[in-house]
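Contents: one structure, followed by commentary.
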C-alpha cells in the first residue's frame, strides 16, 4: 500500500498489517503542506476557511483553558462586522478584569507574529 493510500489512517508499524518500515518512515515524515498566509481572494473559500478556522481557534482556546487552568476571552469580528465570542468563564467578568489590569503584560499584533521565526 502506498503512503498516499494511508493518509488519515492511524496504524502502528508493529501491528502486523504488512506495512513496511519504509512506508512507516514516510508516514512519520508526512505532514500538512505549509500554505501561504495571504488574503483568500475567492469569497466562498474565504468564508469556508473562516468558519473552519474560527471553530479550530475556539477549540484551542477551550483546550488551553482546561489544560492550563486559565481564563480566556476571544473576540472575533468578521469582514461584515458580525461578532463571534468565546469565553472560558463569564465574558463580562473577563473583560472587566482586562480593563482594570494595569501591570505590564504581553501583547501581540499581526506585525509581531510576522517577525517571529518559526522552527
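FYI, it's all coordinate maths here, none of it is from the lab. Quantities reported herein were computed from a predicted structural model and do not represent experimental measurements. Note that we place each Cβ from the backbone using ideal geometry, even for glycine, and neighbour counts take in every protein chain shown.
Estimated translational diffusion coefficient (Stokes-Einstein, Kirkwood radius over Cα pairs, 10 °C, 1.306 mPa s) of the range 39-80: 136 µm² per second. The length gained by stretching the chain between residue 96 and residue 69 to full extension, at 0.36 nm per residue less their Cα-Cα distance, is 7.8 nm. Would you please give the FRET efficiency between residue 35 and residue 116, computed as 1/(1 + (r/R0)^6) with r the Cβ-Cβ distance and R0 = 22 Å, to the nearest 0.05? That pair, residue 35 with residue 116, gives E of 0.80. Name the residues of the range 88-115 whose amide N is less than 18 Å from a point 7 angstrom out from the Cα of residue 62 along the C-beta direction? The answer is 88-91, whose backbone nitrogens lie closer than 18 Å to the label point.
Please check which bits of the range 44-70 a label hung off residue 80 would reach, taking the label as a point 7 Å along Cα-to-C-beta and the cut-off as backbone N under 19 Å. Residues passing the 19 Å test: 44-55.
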